[in-house]
Amino acid sequence: MTAFQRRCRAVALQACLVALLAPAVRANDSSYFVVDDLSFGARTITFDTDTDGNPVAATPLFESSKPLRDLYGAWGVHFRGPRERDGGCVLSKDSAFQVDPHSGTNFLAFNRETTAQGGGIAQEPETILFDAPPTEVSLQVASGFEPGSFRLDAYDRSGHVVASDSTVTQDWALLKVESPGGIARVVLRRKGPRGKAAVTVTSATAAPGDAVAVRLQVDAGGKSLGGFHAALQMGPALTPEGADPVVLGPVLAGGYLAANAPEPGSVTFSAVATVPRDGPGVLVSVMVRVPLGTAAGDYPLTLTDVQLNDAAGDPITVETADGTLRVVGPPPPMGLCGDLSGDGKVNIVDVIQALRLVAGFTAPTDQQKNAACGYKLDISLVVRLLRVAVGLSGPLQPKGA
């Protein structure tokens, strides 16, 4: 092998090593940033040594690094991510962030789109807690690939914000907060969109008179989800089912939900998570009723005004995919509403049959479902039929008529 060939081989090997050591995802450079030289009181954490002065063995890869927790607990400092297994990882300068450590050989690194050892995400907001509240906290922050917007908030023991600092930077910049009453914790955030997620409306099939669940799903791009807002447009032929047509799915389970139907054929909803979770999974399910008399065909289910946020309130870029509700079969004739017995009139016989259906003594036939004219087979229908049978109300009209 000639000297020229050896040089070429060395250059190629170096390029391969750089590619291997680079962070796992470069699709969104705003996902990355690093922190160094955390100072509080008379101490400074450079992430190069522990509290005993022993070197911190850091790797260049998130996948082989655990989020930082209590390595500096002896100094009364603790690090926490937004969830139990999330947070920044101590990485070496070989991690290809396009920025060298501010001092030493290591820094605290973040990547919203990369999984750390243990299954969590190396993402902020990063909370740093102090056992003995200092009056001043500072740190160095850099984004490396492109300018980033950062904010450091300081809190007292009562949870009140006592100081804040922010900066927009690509290279190293100082964030510093001070409070004479002491700082119990600081929270570091990077502002801006957090990756990209797809929200999809699942298609469904139903017959006239049926109610069907339409699910809104998020893919794996939805990380540490904190909130979701959207409107589902169904068209005037379809209607939301019941007083509470929207229910939270597993991704937002245990959260808070507000929903309303401002006009026929649409429903708007907003949800806030109490426990941040990742996709993929169902965000919400919407019960949709296909009224009797609806013609067979495909009815579009369209998402509008979609907003997705992470646990810190930062927006997640969303792509949407609409669905279709396919109505099958010819619409069955309605006949006489309330005529559960099929004898051509509504009387006490129908009331008794309705009671038996509600009590579970018999299962409803297709004819009885049709005769319910869009009403649920429950006690409210029994009351309606009784009023008709004794002459207190006029003929029962189809629901929504």
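Below 8 Å, C-alpha to C-alpha, sequence gap of six or more: please give me the relative contact order for the chain in percent. Numbers along the way, then the final one.
Values: 1007 pairs, mean separation 48.3, N = 401.
The value is 12 percent.
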Alpha-carbon spread of the range 147-241, three principal axes, descending order, Å: 69, 34, 22
Crossing angle, helix 348-359 versus the chain [Cα axis fit, 0-90 degrees, rounded to tens]: 30 degrees
Centre separation in Å (Cα based) which lies between the range 219-272 and the range 96-154: 35 Å
Rg and Dmax of the range 77-196, Cα atoms only, in Å: 14.3, 41
Between helix 379-389 and the chain: long-axis angle, C-alpha atoms, 0 to 90°, nearest 10: 20 degrees
Virtual spin-label span in nm between residue 166 and residue 306, 7 Å along Cα→Cβ: 2.8 nm
Debye-sum result for the range 325-401 in log10 I(q)/I(0), which assumes one identical scatterer on each alpha carbon, at q = 0.12 Å⁻¹: -0.31
The range 245-303: radius of gyration over Cα atoms, expressed as a fraction of 2.2 N^0.38 Å: 1.35
Alpha carbon centroid spacing (whole Å) that separates the range 355-392 from the range 160-213: 50 Å
Tilt relative to the chain, helix 3-21 - C-alpha long axis, 0 to 90 degrees, to 10: 50 degrees
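As an exercise, use a Förster radius of 45 Å and the Cβ-Cβ distance of residue 258 and residue 359 to find the FRET efficiency, rounded to the nearest 0.05.
On the way: r = 35 Å, r/R0 = 0.77.
After rounding, the FRET efficiency stands at 0.80.
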D_trans [Stokes-Einstein, Kirkwood Rh over alpha-carbon pairs] for the range 59-129, 25 °C, 0.890 mPa s, µm² s⁻¹: 202 µm²/s
For the range 191-283, alpha-carbon Rg relative to the globular expectation (2.2 N^0.38 Å, N residues): 1.14
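Would you list 178, 124 from fewest to most Cβ contacts within 10 Å? The partial results should precede the final answer.
Working: 178 14, 124 25.
Least to most surrounded, the residues fall as 178, 124.
Determine Rg/Rh for the range 196-240; Rg is computed over alpha-carbon atoms and Rh is the Kirkwood hydrodynamic estimate from the same atoms.
On the way: Rg = 13.4 Å, Rh = 12.8 Å.
We get a ratio of 1.05 for the range 196-240.
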Sequence-distant residues sharing a close amide H with residue 148 (under 5 Å, placed H): 143, 169, 170
Geometric extent, Cα atoms of the range 247-401 - Rg, Dmax (angstrom): 20.8, 62
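So, R0 is 22 Å and r is the distance between the beta-carbons of residue 100 and residue 69; what FRET efficiency does that work out to, to 0.05?
Numbers: r = 25 Å, r/R0 = 1.15.
So, using R0 = 22 Å, E works out to roughly 0.30.
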Integer Hz, Karplus 6.51/-1.76/1.60 couplings in order for the range 82-87, x for Gly and Pro: x, 10, 4, 9, 8, x
Computed Kirkwood radius, in angstrom, where 1/r is averaged over Cα pairs of the range 276-325: 14.0 Å
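Grab the DSSP H runs of the chain that are 4 residues or longer, score each as -39,500 (n - 2.57), total them, divide by all residues and round the 222 nm result to the nearest 500 deg cm²/dmol. Each step should come with its number before you reach the end.
Numbers: 4 runs with 48 residues, N = 401.
Only helices count here, giving -3500 deg cm²/dmol.
Grab the beta carbon distance between residue 270 and residue 319, set R0 = 22 Å, and tell me the FRET efficiency rounded to 0.05.
On the way: r = 20 Å, r/R0 = 0.90.
With a Förster radius of 22 Å, E is 0.65.
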Inter-part distance where the range 275-353 and the range 34-54 are each reduced to a Cα centre, Å: 57 Å
Unit Cα scatterers, Debye sum, the chain: log10 I(q)/I(0) for q = 0.09 Å⁻¹: -0.69
Filter on 376/399; 176/223; 93/196; 191/223; 345/369 - keep pairs with C-alpha separation over 18 Å: 176/223; 93/196
Listed residues 266, 253, 327: farthest to the positive end of the dipole of the chain (Cβ charges): 327
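Any read-out appearing in this document is the output of simple, stated calculations on the displayed coordinates, not a laboratory observation. Remember, predicted model here, so these are calculated numbers, not experimental data. Every residue, glycine as well, gets a Cβ built from its backbone with ideal geometry; the counts of neighbours run over all protein chains shown.
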